[in-house]
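Here is the structure we will look at.
The values are calculated or read from the model by the stated rules, or taken from the named source; none is laboratory data. Small disclaimer: the values here were computed from a predicted structure and weren't measured. Note that we place each Cβ from the backbone using ideal geometry, even for glycine, and neighbour counts take in every protein chain shown. Surface accessibility is based on the protein's heavy atoms, side chains included, excluding ligands, DNA and RNA. Shrake-Rupley method; radii C 1.70, N 1.55, O 1.52, S 1.80 Å.
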Amino acid sequence: MNVLLIGSGGREHALAMALAKSPLLSKLYAAPGNPGIGELAELVEISVADHAAVVAFCKANDVGLVVVGPEVPLVAGLVDALEDEGVAAFGPSRAAARLEGSKGFAKEFCAKFHIPTAPFARFEAAEPAKDYLRRQGAPIVVKADGLAAGKGVIVAQTLQEAEAAVDMMFAGAFGAAGASVVIEAFLEGEEASFFALCDGTRAVPFASAQDHKRVGEGESGPNTGGMGAYSPAPVVDAAMEARVMAEIVEPTLAGMAELGAPFRGVLFAGLMIGAHGPQLIEFNVRFGDPETQAMLPRLEDDLLALMLACAEGRLGEAAPKLSERAALTVVVAAKGYPAAPKPGGEISGLDEAAKEAVVTIAGARREGGRLLADGGRVLNVTGLGADVREAAARAYGALGKLRYEDGFFRRDIGWRALSP
Ligand code: AMP
Ligand code: GLY
């Protein structure tokens with residue numbers, strides 16, 4: 001079968017590596033891809049936002065499955081456009097992608113279907129939002145309703161900060177994504193990411209992970225897309241996994257089916273695990289980046305076969321098999337990330353590093369024989385080992401082989417799992 005992979009980051013490079021192992025795969029295409037993905041796939045120059053062009057490419061090239069990596073094309077309805085023309089896709093419809101595309105929708109959905117999450121209120125104007133903030137007090141969390149590339153959430157420690165966040169959002173800092181604002185209670189506990197494969201009516205657990213969102217060591221500095229991750233998450237033991245499935249994932253599948261928007265693809269539940277058990281921080285409707293780079297090297301089943309089963313509504317009862325081994329991913333970013341990453345820095349030593357760890361390209365381009373940074377998050381290095389400590393030692397050992405003067409990485413990825 002021919003497969004078209006949509007996306008261009010480290011997550012998609014990891015997906016390409018897993019798909020390339022499938023005996024079902026004839027040819028892999030990627031749009032737009034990156035130089036790492038280009039070693040495994042034919043890169044095609046179609047605009048992902050042009051749904052008709054993607055459909056036409058699939059028909060002309062006998063594509064049997066489209067795998068959509070990022071959230072933007074899902075929320076824009078790419079899967080609907082493909083399915084309307086008989087092309088199978090891994091990922092939710094536009095209606096089901098509202099779980100990520102609108103935080104207000106997700107919160108109202110949780111309330112309706114009794115899914116544990118922080119108490120909230122939703123506002124369309126600044127004054128009532130600020131009245132509510134003053135009644136609730138800080139700490140409190142202010143979120144733009146729509147997609148904001150991971151920047152639309154302000155965890156405010158003071159009322160002033162929260163009011164400033166409300167003003168900024170209604171002033172249009174996130175465009176239409178901030179026309180509606182969700183304010184919710186601050187949750188305490190330990191964060192974890194949980195991933196389940198879904199076929200519209202059935203969900204099976206895939207894997208858990210933990211990531212590090214802050215740019216600096218010791219969880220300091222601004223939030224980023226993620227500076228590193230490890231899998232599995234020690235807080236998600238078998239008993240916790242069973243609770244997450246029963247209290248969050250299964251009611252979500254049933255609720256979305258009841259609303260006429262059955263969920264297919266991978267459901268990513270961002271969790272806060274505290275004294276009352278798991279609570280939902282947010283839904284994502286796709287694989288996480290960089291969690292995927294840590295999870296997929298543990299997968300022992302055929303990813304393409306699993307994705308086809310999700311797309312075709314025939315997922316089995318058994319959960320996919322993942323290795324007991326741990327994996328840990330360190331993100332290498334360009335200096336200045338996230339505010340102003342320095343472009344164009346040269347990277348070398350990849351082949352040496354790749355002897356010890358899995359190296360994926362996140363944001364880089366080739367120019368002649370050289371590999372140059374082209375984005376904020378540039379590379380991901382994943383080590384595998386018997387436990388998180390061994391996985392970290394492998395990843396950091398491999399990082400020592402890389403040369404990239406204009407880059408940096410956190411040296412404390414996995415600290416929570418490593419501290420005694
Ligand atoms: P999100 O984009 O919704 O994942 O939010 C980004 C980060 O903000 C999360 O990973 C949490 O660290 C934090 N966060 C979001 N909502 C809450 C909440 N209700 N309580 C505490 N922290 C939160
Ligand atoms: N690592 C978080 C995300 O992919 O949204």
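Quick look at the values:
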| quantity | calculated |
| --- | --- |
| Residues of segment 75-88 satisfying the condition of being more than 16 Å from ligand 1 (Cβ to nearest atom), touching a residue at least 60 places away in the same chain (Cβ under 8 Å) and open to solvent by 10 Å² or more (accessible area, probe 1.4 Å) | ALA88 |
| Where a residue in segment 98-112 is within 11 Å of LYS143 (Cβ to Cβ) and its partner, wherever it lies, is of a type outside the set (Phe, Trp, Tyr) and surrounded by 23 or more Cβ atoms within 10 Å (Cβ to Cβ), with Cβ under 6 Å and at least six apart | SER102/ASP145; LYS103/LYS143; LYS103/ASP145; LYS103/VAL182; GLY104/ASP145; GLY104/VAL182; ALA106/LEU99; LYS107/VAL182 |
| Residues within segment 89-122 that are surrounded by fewer than 20 Cβ atoms within 10 Å (Cβ to Cβ) and in a loop (DSSP other than H, G, I, E, B), tallied | 7 |
| Meets criteria (open to solvent by less than 60 Å² (accessible area, probe 1.4 Å), within 16 Å of ligand 2 (Cβ to nearest atom), of a type in the set (Phe, Trp, Tyr) and in contact (Cβ under 8 Å) with a residue 60 or more places away in the chain) for PHE194 | yes |
| Odd one out for MET169 among (1) of a type outside the set (S, T, N, Q); (2) open to solvent by less than 10 Å² (accessible area, probe 1.4 Å); (3) at pLDDT 90 or above; (4) in a helix (DSSP H, G or I) | (3) |
| Residue list for segment 281-319, filter: within 21 Å of the chain's Cα centre (by Cα) and at pLDDT below 95 | ALA319 |
| Selected residue [within 16 Å of ligand 2 (Cβ to nearest atom), within 21 Å of PHE170 (Cα to Cα) and surrounded by fewer than 22 Cβ atoms within 10 Å (Cβ to Cβ)] from LYS151, LYS143 | LYS151 |
| Close pairs (9 angstrom Cβ cut-off, 6 or more residues apart or separate chains): under 16 Å from LEU74 (Cα atoms) and touching a residue at least 12 places away in the same chain (Cβ under 8 Å) in segment 1-15, open to solvent by 10 Å² or more (accessible area, probe 1.4 Å) and of a type in the set (Phe, Trp, Tyr) anywhere | LEU4/TYR29; LEU4/PHE57; LEU5/TYR29 |
| Any hit, segment 150-159, residues being out of contact with any helix residue (DSSP H, G or I) (no Cβ under 9 Å at 6 or more places or on another chain), more than 10 Å from ligand 1 (Cβ to nearest atom) and in a helix (DSSP H, G or I) | no |
| Strands (runs of 3 or more DSSP E) lying entirely in segment 354-420 (those with 3 or more residues that are open to solvent by less than 60 Å² (accessible area, probe 1.4 Å) and touching a residue at least 40 places away in the same chain (Cβ under 8 Å)) | 358-361, 377-385 |
| Strands (runs of 3 or more DSSP E) (entirely within segment 216-329) containing at least 1 residues that are surrounded by 22 or more Cβ atoms within 10 Å (Cβ to Cβ) | 228-231, 264-274, 277-284 |
| Among (1) in contact (Cβ under 8 Å) with a residue 60 or more places away in the chain; (2) crowded, with 22+ Cβ neighbours inside 10 Å, the one test that GLY33 misses | (1) |
| Filter result (in contact with a Pro (Cβ under 9 Å, 6 or more places away or on another chain) and more than 10 Å from ligand 1 (Cβ to nearest atom)) within segment 162-189 | ALA162 |
| Some residue of segment 39-58 being free of Cβ contacts under 8 Å to residues at least 12 places away in the same chain and either in contact with a Cys (Cβ under 6 Å, 6 or more places away or on another chain) or closer than 24 Å to THR382 by Cβ (or both) | yes |
| Single condition ALA239 does not satisfy, out of (1) within 13 Å of ligand 1 (Cβ to nearest atom); (2) more than 23 Å from MET256 (Cβ to Cβ) | (1) |
